[in-house]
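The values are calculated or read from the model by the stated rules, or taken from the named source; none is laboratory data. Predicted model, so just to flag it, every value in this text is computed and none were measured. Every residue, glycine among them, receives a Cβ derived from its backbone with ideal geometry; neighbour counts consider all protein chains shown.
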Amino acid sequence: MAKRSSLGGALGFVTLVVTKVMVAVKEYGEDVLLGLSEDKLGPVVDRFVADLVALAKAASNVLRINVGGNRTTEQVVAAGNYNWSNPSITSQLFPWRRRSGKRTIELVDMTQHGFPSDYSFADSLAVLQKLGLDRPVYEDGLLTGEQHSEKQRERPIMFPHEPVVVGGRSSVVCLWSDAGRRELDLGWADGRWDSGVLVAGVRKS
């Protein structure tokens, strides 16, 4: 069964958009917009829909996480309810550092920033800096996997936090999906990443 939108399905979504558009038309230019002929209206509508889809995609890649609570790394990983998690992600190597409040995670598509095929760890940090985003910490990755569990099914997510040495390799937290299975894993910071992997940054508070 197809998942219904939180807006009540396609009809509810279209009704909401039309209502918002009509309010905006009356406020910003009713005479100009309503005076368009049918042949000129088509390209305007096409551009509007394309922009609406682009903005919706961008909004879907902005995630709020709650960082409060007094839990261990093991408890947060368990709460993520993964099909598989890397056994090295423990309090010994990834001790939970007590923090509170909320954080806003922004997922960056590297293909839109000059990396059509792959990118390095340094590339990801450079793009975050260019966008004015802070570097995440590994807790951000674990909390994102717990609180936005379905997001990694869309595309993998890499968190370019300060690497942790695991098994002799500098590693960072990654959220993956493999044949529908949600996985919490570690990736090598000194390797290259497929541009299909989103990069997580943190909006400045």
So S88 fits all but one of (1) under 23 Å from G180 (Cα atoms); (2) loosely packed, with under 14 Cβ neighbours inside 10 Å; what number is the exception? (2)
Filter result for F94 (more than 14 Å from the chain's Cα centre (by Cα), of a type in the set (F, W, Y), under 17 Å from D185 (Cβ atoms) and modelled with pLDDT of 95 or more): yes
Among the residues listed as S91, S120, the single one being within 19 Å of A78 (Cα to Cα) and of a type in the set (G, A, S): S91
